[in-house]
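Below: one structure, written as structure tokens.
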Amino acid sequence: MISKSPAFRITLLLIILLGLIGADLLLGSVRIPLRDVFKILTGGESKASWTYILLNVRLPKTLTALLVGAGLSLAGLMMQTLFRNPLAGPFVLGISSGASLGVALLVMASVWTGGTALTVLSGAGQWSLVLASVLGSTLVMLLVILVSLRVADSVSVLIIGIMFGSVTGAAVSVLQYFSDPDAVHSFLVWTFGSISGVTWTQFRILAPLVTVCILAAFLLQKPLNALLLGEHQARAIGVSVKRNRLTVILVTGVMAGVITAFTGPIAFIGVAVPHLARALTGTSDHRLVSPVTALSGSILLLVCDMIAQLPLSNQVLPINSVTAIFGAPVVIWMIVKNRRGQQIFQ
């Protein structure tokens, strides 16, 4: 019989994760023997082309998948706990829509001023894209934080966040309507999401910011467990609901905004993985669910990345199309389970 101890489950997930890291480094349009992969990673000499592909293309992509999968999953877990809503995710407060608005403004404006969308989406223009995304997501996050300081309950914050997302989404639609087809196509490509375009230079900015947010999510385990009881019960046991709500929104907003800036919006991971973690652990206790959520998110995004690469093919699918294949059934299962009267937060 398989052990049900938390330590065993986490160890098993770590073993699976390590195996998938190796598989992701091996998989690609160019076949690199396993022996040469180990040789390159340990500083040995191999073919120059293999060394470049592994160290400058596959390795940053794999590490990005680890961080992004864990970050989005933990952000989704915190949002679901804060709002006690099983469909809440890291982008529920309109952070992703704000980032999309920033990118849309940049791409469309570049065309209106005589430039090309391709210039923005490649080379040095990538940093302009990142900056525009960060500015857009930060603006929406600040608006949500201001609202959270004035509103007493989390449900109102959630509704207002969704409204912010709707307004920014509408603004993006207007920009698309008045833009030429090339700009619209370039913007749509960005919305598909991608972890393969993150360079080492970008990763050095992405990694510390997301890591700090992940650590903050683990430090919030105790107040998040209190919020599982409901806001009134949390206040009764001495938890500052308003302060912790602000902290959760800030951590989630920064994490979602930074990830979206570098990889584009990646859907379903943040909504689906927390439910998988609860199913694996049989509890909603964040002391166990948080590490399992982080590991499961990294595992799932690595699997999606390997599927997106279409083995034995030079084509790469949009990462969002693959995450939807995994995420949508989980959300459907969760809704059906909830209709049968089973509690999601227990």
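Calculated FRET efficiency, L246 and K47, Cβ-Cβ r, R0 41 Å, to nearest 0.05?
0.20
Could you work out the relative contact order of the range 6-339, using alpha carbon pairs under 8 angstrom and six or more residues apart, expressed as a whole percent? Kindly include the intermediate steps, with their values, before the conclusion.
Details: 484 pairs, mean separation 99.7, N = 334.
Averaging sequence separation for qualifying contacts and normalising by length gives 30 percent for the range 6-339.
Give the Rg (one decimal place) followed by the Dmax (whole number) of the chain, computed from C-alpha coordinates and expressed in Å.
Using the Cα atoms of the chain, the pair Rg, Dmax is 20.6, 67 Å.
Which of D180, D305, D24 has the fewest other C-beta atoms within 10 Å, and how do the rest follow up to the most?
Fewest to most other Cβ atoms nearby, the residues stand as D180, D24, D305.
Assigning unit charges at the beta carbon (Lys, Arg +1; Asp, Glu -1) and nothing else, what dipole magnitude in debye, to the nearest 20, does the chain show about its Cα centre?
Dipole of the chain, to the nearest 20 debye: 1000 debye.
Take L14 and L228, extend 7 Å from each Cα along the Cα→Cβ direction, and tell me the distance between the two endpoints in nm.
The modelled label-to-label distance comes out at 2.3 nm.
Using the Kyte-Doolittle scale, which helices in the chain average at least 0.5 and also have C-alpha atoms spread 20 Å or more along the helix axis, with helices defined as whole DSSP H runs?
Flagged H segments are 6-26, 59-83, 95-112, 125-150, 154-177, 200-219, 241-263, 286-308, 319-339.
Using a cut-off of 16 Å between alpha-carbon atoms, which aspartates and glutamates can reach K222, once sequence neighbours fewer than 8 places away in the same chain are excluded?
Cross-link targets: E231, D285.
Just grab the label-to-label distance for S5 and R84, each label 7 Å out from Cα along the Cβ direction, in nm (one decimal).
3.5 nm
Read-outs throughout are calculated quantities, based only on the coordinates presented, and are distinct from any laboratory measurement. Keep in mind that this is a model prediction, so the values were computed, not measured. Don't worry about glycine lacking a Cβ; one is built from the backbone with ideal geometry, like all the others, and counts go over all protein chains shown.
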